[in-house]
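Here's the structure we're looking at; comments come further down.
The values are calculated or read from the model by the stated rules, or taken from the named source; none is laboratory data. From a predicted model like this one, the values you see are computed outputs, not experimental measurements. Glycine also receives a Cβ, built like all others from the backbone with ideal geometry; neighbour counts cover every protein chain displayed.
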Amino acid sequence: NAGVMQNPRHLVRRRGQEARLRCSPMKGHSHVYWYRQLPEEGLKFMVYLQKENIIDESGMPKERFSAEFPKEGPSILRIQQVVRGDSAAYFCASSKTGGGQPQHFGDGTRLSIL
Amino acid sequence: GENVEQHPSTLSVQEGDSAVIKCTYSDSASNYFPWYKQELGKRPQLIIDIRSNVGEKKDQRIAVTLNKTAKHFSLHITETQPEDSAVYFCAASRPGAGGYNKLIFGAGTRLAVHP
């Protein structure tokens, strides 16, 4: 039973480019969460999605960041016009249902901005 | 909003000793408290969790206690081994829109177990 799959594992972008991070939840999970982790820091909630719906995006920066979870395919976290401060590890987690169910994490995407 | 404080930030123990990590939370409506272990460059792994209707939970060498009145919870690792060395994160969550739980993480504790 495959776990949460994220790709790419490492992504390098130049300032001003776009970054697309993908996340496929565990089989049977329909709830996806994105977190950002800066070096030597904890994880910060960004957004929570169910299929085709954004439930809570209170942790997302107001500009340049967007997320989707289409009916078919993985969840996508998109960062437009990247800046150096976007360099971080981005983790996706999934859960079977929403209410207090364990969240299982993927291996993350380490984004580096040149 | 919810705030989670975690102490200590670093912890060094000898192999075989016990390790205790403590967290406090601010939102009295929080009802789910997981603990994650993260090794360098790897994913956070859920090691144990507890819900607000339970005061203590144990799984082999790991135990978690919850004091709802004081709004704090702790991770206890007994008979530590070098492979327990990692960063440990506590988290708290409360029901949100649609009944889901958004995790708010502590800043982490770097545990080093010396042979």
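Odds and ends about this structure:
- Any hit, the range B:79-87, residues being at pLDDT 95 or above, within 11 Å of another protein chain (Cβ to nearest Cβ) and under 30 Å from A:ARG110 (Cβ atoms): yes
- Only one of the numbered conditions (1) within 11 Å of chain B (Cβ to nearest Cβ); (2) not in a loop (DSSP other than H, G, I, E, B) is not met by A:VAL12, and that is (1).
- Every condition in (1) in contact with a strand residue (DSSP E or B) (Cβ under 6 Å, 6 or more places away or on another chain); (2) within 14 Å of chain B (Cβ to nearest Cβ); (3) closer than 24 Å to B:SER93 by Cα is met by A:SER66 except one, and the failing one is (2).
- Hits in the range B:85-109 - residues which are outside any loop (DSSP other than H, G, I, E, B) and surrounded by 19 or more Cβ atoms within 10 Å (Cβ to Cβ): B:ALA86, B:VAL87, B:TYR88, B:PHE89, B:CYS90, B:ALA91, B:ALA92, B:SER93, B:ASN101, B:ILE104, B:PHE105, B:THR109
Each row is one residue, and each column tells you yes or no for (1) among the charged types (D, E, K, R); (2) in contact with an Asp or Glu (Cβ under 7 Å, 6 or more places away or on another chain); (3) within 13 Å of chain B (Cβ to nearest Cβ); (4) within 21 Å of B:ARG94 (Cβ to Cβ).
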| site | (1), (2), (3), (4) |
| --- | --- |
| A:TYR35 | no, no, yes, yes |
| A:PRO39 | no, no, yes, no |
| A:ILE54 | no, no, yes, yes |
| A:GLU57 | yes, no, yes, yes |
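- Residue, surrounded by the fewest Cβ atoms within 10 Å (Cβ to Cβ), within the range A:75-114, restricted to residues that are over 28 Å from B:ASP49 (Cα atoms) and in contact with a helix residue (DSSP H, G or I) (Cβ under 9 Å, 6 or more places away or on another chain): A:LEU114
- Residue in the range B:5-28 that is surrounded by 18 or more Cβ atoms within 10 Å (Cβ to Cβ), within 13 Å of chain A (Cβ to nearest Cβ) and free of Cβ contacts under 8 Å to residues at least 24 places away in the same chain present: no
- Residues in the range B:41-78 that are within 14 Å of chain A (Cβ to nearest Cβ) and within 10 Å of the chain's Cα centre (by Cα) were compared, and the one that is surrounded by the most Cβ atoms within 10 Å (Cβ to Cβ) is B:VAL64.
Per-residue answers, yes or no, for (1) among the basic types (Lys, Arg); (2) more than 19 Å from B:PHE105 (Cβ to Cβ); (3) under 12 Å from the mean Cα position of the chain (by Cα):
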{"position": "A:GLN17", "(1), (2), (3)": "no, yes, no"}
{"position": "A:HIS29", "(1), (2), (3)": "no, yes, no"}
{"position": "A:GLN37", "(1), (2), (3)": "no, no, yes"}
{"position": "A:GLN50", "(1), (2), (3)": "no, yes, no"}
{"position": "A:MET60", "(1), (2), (3)": "no, no, yes"}
{"position": "A:GLN80", "(1), (2), (3)": "no, yes, no"}
{"position": "A:ASP86", "(1), (2), (3)": "no, yes, no"}
{"position": "A:CYS92", "(1), (2), (3)": "no, no, yes"}
{"position": "A:SER95", "(1), (2), (3)": "no, no, no"}
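- Residues that are outside any loop (DSSP other than H, G, I, E, B), touching a strand residue (DSSP E or B) at 6+ places or on another chain (Cβ under 6 Å) and farther than 21 Å from B:ASP17 by Cβ within the range B:57-72 comprise B:LYS57, B:LEU66, B:HIS72, listed in sequence order.
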